[in-house]
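A short worksheet on the structure shown next.
The values are calculated or read from the model by the stated rules, or taken from the named source; none is laboratory data. Fair warning: this is a prediction, and the values are worked out from it, not measured in the lab. For neighbour counting, all protein chains shown are included, and Cβ atoms are generated from backbone atoms with ideal geometry for every residue, glycine included. Please note that ligands, DNA and RNA were not included when accessible areas were found on the heavy atoms of the full protein model with its side chains. Shrake-Rupley method; radii C 1.70, N 1.55, O 1.52, S 1.80 Å.
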Amino acid sequence: MTEAEELFLELVDRRPEERAEILALLERPLRQEVESLLEHASSNDADLQGIVERAAIWAERGLAPERIGPWKLGARIGRGGMSDVYLGERDDPEFTQRVAIKLFHRRLAGQTRRLLQERKILARLSHPSIAQLFDGGVTADGQPYLVLEYVEGQEIDAHVFGNKLELRQRLALFCKVAEAVEYAHRQLVVHRDLKPSNVLVTAEGVPKLLDFGIAKALEDPDGRGATQAMTLDYASPEQVRGEAASPSMDVYALGVLLHGMLTGKTPFDLWLLPLDRALEKVLHEEAGTVQGVPRDLARIVRKSLEKDSGRRYGSVEALRADVERFLRWEPVEARGGGGAYRLWRFVQRRWVVVGSLAAIFVAVVVALVVTTRALAETERQRAEAVRARTLAEREHDRAEQLAAEARAQRDLAERRAVALSQQVARADENLATARSNASAVTHMLDQQFVNGGSRQALATVDEWLQVQRGVVEKRPGDAEALKLLGILEGRRCAFLAAENAKAAQADCESSVKHLGPLEDSAQADDWLRTSLSASRAMLGRQKAMSGAMEEGLRELDLAARTLEPALAKNPGDGSLQARRATVRMYRGDVLLRAGRTGDAARAYAQALEELRQARGGVENRPLYQQLAGAAGRFGKLLEGKDPAQSRRLYRESLNAFRQLAEAPRSQMVDWNEYANAINECPYPELRNVAHALLYAQKAVTATEGKNPSALDTLAWAQYRAGKAAEAVETQKKAIALVPASASQFRALLEKGLQEFEKGLGK
Amino acid sequence: MGTPVTALLARVRTGDRDAMEELMPLVYEQLHRIAQGAMRTERPGHTMQATALVSEAWLRLAGQGHGDYQNRAHFFGVAARLMRQILVDHARAANSAKRDVRQKVQLREQFEVGAPPETDAAILSLHVALDRMGEANGERARMVEMRYFSGMNLEEIATVTGVSVATVHRELRVAQAWLRREMA
């Protein structure tokens, strides 16, 4: 990269004043070069992408017929796995009419007869919100086609977010869509492929449904095989299983549509997954509760998305009626009884064994994969473009929504805790249940820890430990019970370590004592190994830090080794690799503390190298988080020793943190870490102070100002931004939240406060 | 038919240049057959949208169940160059064929049979600019190719080029401004 290009990258994201300031310092030819690059910079590359795509579209356009019957084909306006859609115009100067012509791919020629049969039924559908079917037939060279009303409109999700519709407006629009589907169901026509690209909204705000009944018309009579048209995100489990078309499929798809209209996302992010895992999710994984919307509405979505069609709304009408009840503030049907059922599902779902998956889906083969995936990709890109455009406007809303989400998550965790503690009272009777419970509980605990901080999580884990100790007492020597106890102790140790590492040591030891002997037993699964490894790592670190260096290092070695069987089994598993790297970094930490900087540097370098080797994308969050952390610590170690290398590492670290913070599903932790990393960076030119403030504030808002770590980060960001007075206020709030028993943490916060006050005095 | 391609890809990954030589014609042939409509009897009207086409060629050549991430990324890397060649060839041919016809037939824009001349001109000018970039910085030109002609994401490009995602991002950022300036 040339000097001019480096400078370009430095400047491209800066404010005009800053740019001008720096540019003024440069010599003329260099300045001109940088300026001319900056002139052509742009926040997106749609223009360049467009050149290639347009060339491709036109290259292909040469392959379609110029005319079909009385219709002249114009530009292609859409493409799908089954067909391409062209603009059509009647070839008659007296009478111009614009239509959409859907030209099916030749491989569907076998379905022509059925398609034409079905066409007669479809042509009878006449509803203001259903695109009218005019005509259909077969081209001279045997390609089936349909002539449809040409609808000019925006896909429904783009419409909703582009126009920033209010919640009630969104729901009213959804009801109109549902009405059209009801109408068709009364004519015994099922859509079977409802999704945003099939629901357009005109400039007048009228929804128009496209492609009614076409998916079903294309189905093989036995309802299965390569011609299945579906988009996995919107397909119900029974549809994926290849069952005959039924209205319940449309109920489910409408549920997904509603989910998207409320959140901008589908319930599962299937695109990134390999097909088998995507199918597994559709078939077995409960959709998470919709966050940031009123609870009854979340219940309505959930009821529409039930895996078992019998538990879903019985008809689209029932779904719409419930949405209307919600709009009238009446209790919704979705509230129902069923609480126990759902709790049970929550506990069970992580243990569902998926056996027959492969056997069932051999039928849904290549064509489906190719077409739905390719289609999903283009749709995803389009949706992303829309989202990107509205993102800036929604940034503000989002901060508020996130606070609501955090609240909702905490509520949920609390309710689960209560319900589950009732269950566990019976746990000693049934170890299988206990096992499920523990897994659900550890998950819940982690959520609590992230959202509510260590206090709350500690209170809950103590309750659980009490229960589990009771179980162990009743069943001495029961390996399964011991395993759960050890795992819970490991959690307690981790939560406590966030407050006071010394106090955590006893829990770590106890956890290792209970889990260690099970390492080679039948109970040793990946769950046990990762838990044991984490406890050993924490223990080793604590021992080494408190002076027992060699003993600590031995424990850390064991911690790394404990992971080996799991890693050997799942070599590409990012979260396991991240765990191993964490252990190496701990090693670096303790060596550094002992003044053995050379050894510490080697440990960091090894961790970093492993992480770079594994190099998952930003989607691989644990790995990426570790990479960001490792680069930062290594950079710190080299500060003053090898400034160039140190600076590079800090840059790598900040970049990774930034990507994590900006990723679509980033969380409070990511924002906090990114802001923290900026605060700690010793190189002023790498410190993006505005980002530190922004993300620290986001993290504080998301935790409603109740997480002391987030407040501490914000205080430092404020201090670094020259707002010492604000920093003092923020830090005081943070300190007030920390109990005296968490002495280490408190001391740390107070040290910060002193520094801020000193800065205030100046 | 999956095996030879995946085996070749495995060799490409170890830096085996012969394997690359053997692979190119296979991929080119596959892309070209779809693009030229030689598959017409099977799938007329099928798209040539660059990214979809590359995905499809991958599935046909590698077969099901060989979707190893690394293989896939390398394949897309190879296909990007070929895709570019195909589109440029097409634009050149269309450009010369259309010159006479367009004078006679005046149709409304949307109903024109061929591409508007600016579409062909744009892809050709992108092609020339990319060639020029390649002279100064071959690696960067490759990344651009992979991005636009194969629709690869940053991680995939990083996998193929062996640099970090951040580097790919930076290179592309510069490349975009550079190309726009060159084509302006």
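Taken over the range A:506-524, the residue count meeting the criterion of being among the charged types (D, E, K, R), open to solvent by less than 50 Å² (accessible area, probe 1.4 Å) and assigned to a loop (DSSP other than H, G, I, E, B) is 1. Residues in the range A:498-534 that are aliphatic (A, V, I, L, M) and within 17 Å of A:D557 (Cβ to Cβ): A:V512, A:L515, A:L532, A:A534. Could you please give the count of residues in the range B:164-179 that are open to solvent by 20 Å² or more (accessible area, probe 1.4 Å) and either closer than 19 Å to A:H40 by Cα or touching a residue at least 12 places away in the same chain (Cβ under 8 Å) (or both)? The qualifying residues number 6. Residue pairs whose Cβ atoms lie under 7 Å apart, sitting 6 or more positions apart in sequence or on different chains, and linking a residue in the range A:9-35 that is without any contact (Cβ under 8 Å) to a residue 60 or more places away in the chain to a partner that is open to solvent by 100 Å² or more (accessible area, probe 1.4 Å), are A:L30/A:E3.
Confirm whether A:A503 is modelled with pLDDT under 80 and open to solvent by 10 Å² or more (accessible area, probe 1.4 Å). In short, yes. Does the range B:146-157 contain at least one residue that is facing another protein chain (nearest Cβ under 9 Å) and open to solvent by 50 Å² or more (accessible area, probe 1.4 Å)? Yes.
Note on the range A:652-762: enclosed helices (runs of 4 or more DSSP H) holding 2 or more residues that are open to solvent by 30 Å² or more (accessible area, probe 1.4 Å) and under 27 Å from A:R621 (Cα atoms) are A:668-680, A:689-702, A:708-720. When the range A:625-651 is limited to residues that are touching a residue at least 40 places away in the same chain (Cβ under 8 Å) and of a type in the set (S, T, N, Q), the one that is most open to solvent (accessible area, probe 1.4 Å) turns out to be A:Q625. When A:R168 is tested against (1) open to solvent by 20 Å² or more (accessible area, probe 1.4 Å); (2) of a type outside the set (G, A, S); (3) under 26 Å from A:D322 (Cα atoms); (4) modelled with pLDDT under 85, just one condition goes unmet, and that condition is (4).
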